[in-house]
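Since the structure comes first, as structure tokens, the remarks are kept for the end.
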Amino acid sequence: MKFIDLHTHPYLEYYENPIEEVQSWIDTNELEMIFFTGVSFKEIEEIKTMKKAFPKFVQEVLGIHPMEVKGKEDTNKLTEFINEDTVAIGEVGLDYYYKENPSKEIQIESFIAHIEIAKAKNLPVVIHSRDAFNDIFEIISREEYQDVKFIFHTFSGDSFEVERFLKHVKNIYFSFSGVITFKNNHASREACKIVPLDRIFCETDTPYLTPMPFRGKPNKSPYVKYVYEKIAEVKGIDLETLVNQIRKNVKDVFNI
């Protein structure tokens, strides 16, 4: 049984030799594909290198993180990197957690610009949201974006947020990470219960958010199987059913 990891950051900032690290993941023979997600132009260049090294495994997700954005000039430059290998725009969105983050105005401007690129190129959008659900909701529930597919990466909301987005956003999806395995994170598991199977994904967010039983150690893509196992448990289904459903979801959303 092979798994799909929808969100990783295996770059030089975290690993002395990222290519060797990723090769070790592939050698486990437990992964079908790995989504490499950009947050800056430096990482986007690394993603391109990784795609050449592992063309069958690596899927490109390109965008500028809300903590890194400077304005519309970012998205103008981003279009130079988007090609037939790009499967989504991300991770993009809004992050209001730190006071030193770019202003709300700059973040919102950038988020909308990223969505416009995705809409023009018929690509899904991978969303980063922290302390910003209301503004995210206001933007992606707009009528002009109802044909855009949106995926919440490491979804951190509760059941209320799941219901709100499912009701008002036509093409909304939720990706769960190792957080769902944490003992005291009951809200994530309750939220997961009401997400339809055809709207669900699994990820590691490597090198962050290592799932149980390895919490406290560096994360790695093969650990995504522990996220799958927890979701299957929460949903009351067998693991193979979940693996097959997520494979179908990936095909439907990313045209892979």
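The values are calculated or read from the model by the stated rules, or taken from the named source; none is laboratory data. Worth saying up front: this structure is predicted, and the values here are computed from it rather than measured. Please note: Cβ atoms are built from the backbone with ideal geometry, for glycine as well, and neighbour counts cover all protein chains shown.
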Among I89, I64, I82, I47, which is the only one that is in contact with a His (Cβ under 6 Å, 6 or more places away or on another chain) and either modelled with pLDDT under 95 or on the phi < 0 side of the Ramachandran plot (or both)?
I89
Pick out the one residue from I151, I136 that is among the aliphatic types (A, V, I, L, M), under 25 Å from M67 (Cβ atoms) and in contact with a Pro (Cβ under 8 Å, 6 or more places away or on another chain).
I151
Any residue that is touching a His at 6+ places or on another chain (Cβ under 9 Å), charged (D, E, K, R), touching a residue at least 60 places away in the same chain (Cβ under 8 Å) and within 15 Å of F152 (Cα to Cα) - is there at least one of those in the stretch 93-105?
no
Scan the stretch 159-177 for residues that are among the hydrophobic types (A, V, I, L, M, F, W, C) and surrounded by 15 or more Cβ atoms within 10 Å (Cβ to Cβ) and jot them down.
V162, F165, L166, V169, I172, F174, F176
Matching residues in the stretch 218-256 (outside any helix (DSSP H, G or I) and more than 21 Å from F36 (Cβ to Cβ)) number 3
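Can you tell which of G157, G178, G216 is under 30 Å from K99 (Cβ atoms), without any contact (Cβ under 8 Å) to a residue 24 or more places away in the chain and small (G, A, S)?
G216
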Those residues that are surrounded by 21 or more Cβ atoms within 10 Å (Cβ to Cβ) and either among the aliphatic types (A, V, I, L, M) or within 23 Å of Y173 (Cβ to Cβ) (or both), I need them from the stretch 11-32; list them, please.
V22
Name every residue in the stretch 40-64 that is in a loop (DSSP other than H, G, I, E, B) and either surrounded by fewer than 22 Cβ atoms within 10 Å (Cβ to Cβ) or among the basic types (K, R) (or both), in order of residue number.
S40, F54, P55, K56, F57
Check off (1) in contact (Cβ under 8 Å) with a residue 12 or more places away in the chain; (2) more than 24 Å from R130 (Cβ to Cβ) for N76 and give me the number that stays unchecked.
(1)
Selected residue [of a type in the set (A, V, I, L, M, F, W, C) and free of Cβ contacts under 8 Å to residues at least 12 places away in the same chain] from A232, A191, A187:
A232
Taking the criterion of being modelled with pLDDT of 95 or more, crowded, with 17+ Cβ neighbours inside 10 Å and of a type in the set (S, T, N, Q), would at least one residue in the stretch 178-189 satisfy it?
yes
Can you pull out every residue in the stretch 139-148 that is out of contact with any Pro (no Cβ under 8 Å at 6 or more places or on another chain) and in a loop (DSSP other than H, G, I, E, B)?
S141, R142, Q146, D147
Selection within the stretch 156-179 - among the β-branched types (V, I, T), touching a strand residue (DSSP E or B) at 6+ places or on another chain (Cβ under 9 Å) and part of a helix (DSSP H, G or I):
V162
Would you be able to tell me the number of residues in the stretch 156-200 that are under 14 Å from the mean Cα position of the chain (by Cα) and more than 22 Å from P213 (Cβ to Cβ)?
5
Residues in the stretch 17-54 that are farther than 13 Å from P207 by Cα and more than 19 Å from the chain's Cα centre (by Cα) total 14
